[in-house]
Amino acid sequence: MVNQYHEDLLKKTEQQRHNTEVFFKKLRDRLCLIFEEIEDKSGHLYKDDKPGKFIQKKWKRLGGGGGLTSIMSGRVFEKVGVHISTVYGDSPKNVTSDENSKILNGKFWATGISVIAHPKNPHIPAVHFNTRMVMTDKYWFGGGADLTPVLEIRRTQEDQDTIEFHEAMEKSCHKHKIADYGKFKKWCDEYFYLKHRNEIRGVGGIFFDNLCSNNIDSDFLFIKSVGNNLIDVYPKIVFNNYEKEWTEENREEQLIRRGRYVEFNLLYDRGTKFGLSTGGNVESILSSLPPIVKWP
């Protein structure tokens, strides 16, 4: 069944959708280059290990669209995934711009980027970033970025990594009317919360969904600022920590904390559910899970 309103909206927003896709592709290229540069610069720490390089795989979605999966395992990062996709076709039941709205009997279009990094050194926090543009009965943006230290002593709002990360996310919201940093920060804290354990996943960041001011160009500028500021802040956090010595006790704590990460992504994460429900690439979707994990 053709949803004519959706078809007209796609034509009307063709240039903006193209711009978003292009930005996500360029952001992916920059992120992959930066992660590989970090691997290259760590040779004095890991003389016997080779630096990691991304392995890329293209995939196609049955029903329309596809994407590019990029995964790296190296000496600084045990696992990094940087993925982009553009998918379209019949609307799954949960692809709607308003959770309370009537489910569309029509079409959807979506493009997005997803990034997750699980470092080897327990002093380096894991980072997660994703954002997407979706078209159903209207356009909207969703996503966010958050930081997850794995050592309890580093999981505070006073830790320097936390301070720098939040400053970068606040900067992302600056000068964008649609971006309320206080609201997005609170939203992130509430979203990345493990209800069954009564604890937060990390130290927060920003999270937003159903973002639509009806000025698509203005909204897109905010999305770009989040990606650009992530590129500025996270490599600094890595370099601030990657030479710090760690113990087997630190490693054990890291692996157990990663278990919490797995629990959240499989039980609560909207991005995981969205990707699986829209017929996305399973390898890309589940690459957010750390490679080695423990439960006590």
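Every number in this text was worked out from the coordinates using simple rules, so none of it is lab data. Just so we're clear, the structure is a prediction, and the values are computed from it rather than from any experiment. Because the Cβ atoms are built from the backbone with ideal geometry, glycine has one as well, and the counts that use them run over all protein chains shown.
Coupling constants for segment 160-173 follow from the phi torsions by the Karplus curve (6.51 cos²θ - 1.76 cosθ + 1.60, θ = phi - 60°), and in residue order they are 4, 4, 4, 4, 5, 5, 5, 4, 5, 5, 5, 4, 4, 7 Hz; glycine and proline get x.
Quick one: S284, S225, fewest Cβ neighbours within 10 Å first, how do they rank?
Details: S284 22, S225 19.
Sorted ascending by nearby Cβ count, the order is S225, S284.
Which entries in the list K185/K224; K25/K79; K50/K79; K26/K236; K26/K244; K107/K138 go over 22 Å, if you measure between the two C-alpha atoms of each? Mind dumping the intermediate values first?
Values: K185/K224 18 Å; K25/K79 20 Å; K50/K79 14 Å; K26/K236 20 Å; K26/K244 32 Å; K107/K138 11 Å.
From K185/K224; K25/K79; K50/K79; K26/K236; K26/K244; K107/K138, over 22 Å: K26/K244.
Residues whose amide H comes within less than 5 Å of that of G204, counting only those at least five positions distant or on another chain, are L147 (H built at 1.01 Å from N in the peptide plane). Computed over the chain, the per-residue total of -39500 (n - 2.57) for DSSP H runs of n ≥ 4 gives a 222 nm mean residue ellipticity of -13000 deg cm²/dmol, rounded to 500. When the chain is modelled as a GNM with alpha-carbon springs shorter than 10 Å, which of H83, H44, H128 fluctuates the most? Residue with maximal mean-square fluctuation among H83, H44, H128: H44.
Rounded to the nearest whole Hz, the Karplus-based 3J(HN,Hα) values (6.51 cos²θ - 1.76 cosθ + 1.60, θ = phi - 60°) of segment 113-122 follow the sequence 9, 9, 9, 9, 10, 10, x, 7, 5, x, with x at glycine and proline.
The convex hull drawn around the Cα atoms of segment 4-288, when projected onto a plane and averaged over every direction, covers 14.5 nm².
To the nearest 20 Debye, how big is the dipole of the chain about its Cα centre, given +1 on the beta carbon of each Lys and Arg and -1 on that of each Asp and Glu? Please report the intermediate quantities before stating the final value.
On the way: 44 positive and 41 negative charges, 169 e Å.
Approximately 820 debye in magnitude.
Sites counted here are GluC sites (Glu not before Pro) in a DSSP loop (not H, G, I, E or B) having no more than 11 other Cβ atoms within 10 Å; the longest part of the chain that contains none of them is 1-98.
Under the criterion of Cα pairs below 8 Å and six or more residues apart, the relative contact order for the chain equals 17 percent. Cα centroids of segment 1-51 and segment 224-291: 17 Å apart. Please build a GNM for the chain, connecting alpha carbons under 10 Å apart, and tell me which residue among L276, L147, L255 fluctuates the most. So, out of L276, L147, L255, the one fluctuating most is L276. Radius of gyration over Kirkwood radius for segment 200-287, both on Cα atoms: the Rg/Rh ratio is 1.04. Here the Gaussian network model covers the chain, with springs between Cα atoms less than 10 Å apart; of I38, I124, I153, I153 fluctuates the most. The long axis of helix 248-267 is offset from the longest Cα principal axis of the chain by roughly 10 degrees. With each label modelled as a point 7 angstrom along the Cα→C-beta vector, the N19-E152 pair spans 4.9 nm.
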